[in-house]
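The values are calculated or read from the model by the stated rules, or taken from the named source; none is laboratory data. The structure displayed is predicted, hence computed values, not measured ones. Cβ placement follows ideal geometry from the backbone for every residue including glycine, while neighbour counts extend to all protein chains displayed. Heavy atoms of the whole protein, side chains included, go into the accessibility calculation; ligands, DNA and RNA do not. Shrake-Rupley method; radii C 1.70, N 1.55, O 1.52, S 1.80 Å.
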Amino acid sequence: MSSASTLSVRVARKAVEAQDIVTLELVATDGSALPAFGAGAHVDVQLPGGITRQYSLCNDPQETHRYLIGVLRDPASRGGSKAVHDLVKEGDVLQISTPKNHFPLAHDAKKSLLLGGGIGITPILCMAERLANTGADFELHYATRSPERTAFRERIAKSGFADKVAFHFDDGAAAQKLDLAQLLVKPEAGTHLYVCGPKGFMDAVLNTAREKGWPEEQLHYEFFGATVEKSDSDASFEIKLASSGRIVMVPKDKTVTQALAEAGVEIMMSCEQGVCGTCLTRVLEGVPDHKDSYLTPEEQAANDQFLPCCSRSKTPQLVLDL
């Protein structure tokens, strides 16, 4: 193990789980037990080419001998999924972070409604394992394009919770398709909803839930990729560093992190899409123009923090706690 926050792991197994989806089984290079993790946790994986990406752990949280991640080959890959599919091999040694969890289970839930879309099943499957182990009440709905693109079908079929899982295929019969309006028709006290998947799927789930009156505190979600919306109103603005009073201009065509890096101010970054929270920075003055998928609507409304990898400013200047 290399340091308190970085783990050295070996790829013990690389397997094809479904069309365009592989899993990597990671074990400690020194054979020791890996740090414990909770359902919904992810690790940052340093990949060939100097890229770091977040991947949810999808094995049973009771396991300490391995971490399992599932990765979709994304045609719009910015290098991460391509590296996993084409460059990472069995036996390779990788550096990863210790597990982090921005998507934990609510322990006071009477019932959990789990919705996974595509590769978004990875943290959801881990939650199902945990809930099954504790005897909790839950149901899992797994939506994919087709059976061939559905990862972990065999694992789910062999699990003790197979009867709690419903599969929904886009190319299947109408009767088996996911009917969100029906599924989410009535929010019940103590029922918590968890969703992960492509942005369109998640937006559909969350928008339907909100329309049906689900309270925000019963909605739990994790975006693993997002398109940062550019708009014609994106303008240049100033960043003021509170520690030194230094002013850095952010032009219309650059992000805050890019402008700061060019000025010699490095901010820890990972996903560059506003989904992971690595670059979260305190805002002392000014009003951010939030474009992230990480902060909750309430956190965005407070305007006291933002994600400089994608968000901008509604005011001519933002004063940052840097």
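Some notes on this structure:
- Inter-part distance where the stretch 38-74 and the stretch 10-33 are each reduced to a Cα centre, Å: 9 Å
- Take Val16: with every protein chain present and a 1.4 Å probe, its accessible area is about 120 Å².
- Relative contact order (%) - criterion: Cα under 8 Å, at least six apart; region: the stretch 81-142: 34 percent
- Near Gln305, the amide H atoms lying under 5 Å from its own belong to Val283; only residues 5 or more places off or on other chains count, and H is placed 1.01 Å from N.
- Too-long pairs where the Cα-Cα distance tops 27 Å, listed order kept, from Lys82/Lys252; Lys164/Lys291; Lys89/Lys254; Lys100/Lys199; Lys100/Lys186: Lys82/Lys252; Lys164/Lys291; Lys89/Lys254; Lys100/Lys186
- Neighbours of Ala106 by Cβ distance under 15 Å: Lys/Arg scored +1, Asp/Glu scored -1, total -3.
- Derived scalar couplings between HN and Hα for the stretch 189-194 equal 4, x, 9, 10, 9, 10 Hz in order, rounded to whole Hz, by the Karplus curve 6.51 cos²θ - 1.76 cosθ + 1.60 (θ = phi - 60°), x for Gly and Pro.
- For the stretch 308-322, Karplus couplings with θ = phi - 60° (6.51, -1.76, 1.60), whole Hz, Gly/Pro x: x, 6, 9, 7, 10, 9, 8, 10, x, 9, 10, 9, 10, 7, 10
- When both bridge partners sit in the chain, DSSP labels roughly 60% of those beta bridges antiparallel.
- Here each label is just a point 7 Å from Cα along the line to Cβ, and for Thr64 and Asp321 those points are 3.5 nm apart.
- Rel. contact order, % - alpha carbon contacts under 8 angstrom, at least six apart, the chain: 13 percent
- Computed [θ] at 222 nm, helices only, for the chain once each DSSP H run of length n ≥ 4 contributes -39500 (n - 2.57): -4500 deg cm²/dmol
- Residues Glu148, Glu17, Glu211, sorted by accessible area with the largest first, give Glu211, Glu148, Glu17 [1.4 Å probe; ligands and nucleic acids excluded].
- Loop-resident sites, the stretch 231-276, for GluC sites (Glu not before Pro), counting at most 14 other Cβ within 10 Å (DSSP): Glu266
- Average accessible surface area per residue within the stretch 98-200, 1.4 Å rolling probe, Å²: 46 Å²
- A simple charge model with +1 on the Cβ of Lys and Arg, -1 on the Cβ of Asp and Glu and nothing else charged puts the dipole of the stretch 6-82 at about 280 debye relative to its Cα centre.
- Charge dipole (the chain, unit charges on Cβ, about Cα centre) - positive-most of Ala18, His141, Leu125: Ala18
- Close amide H pairs (under 5 Å, H built 1.01 Å from N) link Thr29 with Ser8, Val9, Arg10, residues at least 5 positions away or on another chain.
- Whether the stretch 87-230 is rounded, prolate or oblate, judged on the alpha carbon gyration tensor where a/c under 1.5 counts as rounded: rounded
- Estimated vicinal HN-Hα couplings, Hz - the stretch 269-285 in sequence order (Karplus 6.51, -1.76, 1.60; Gly, Pro = x): 9, 9, 7, 6, 10, x, 10, 9, x, 4, 8, 3, 10, 6, 9, 8, 8
- Over the stretch 1-141, relative contact order from alpha-carbon pairs under 8 Å, at least 6 apart, %: 29 percent
- Ala166 long-range amide H proximity, modeled H, under 5 Å: Leu140, His141, Tyr142
- The stretch 178-322 - charge dipole about Cα centre, Lys and Arg +1 at Cβ, Asp and Glu -1, debye rounded to 20: 200 debye
- Inter-part distance where the stretch 76-117 and the stretch 130-155 are each reduced to a Cα centre, Å: 16 Å
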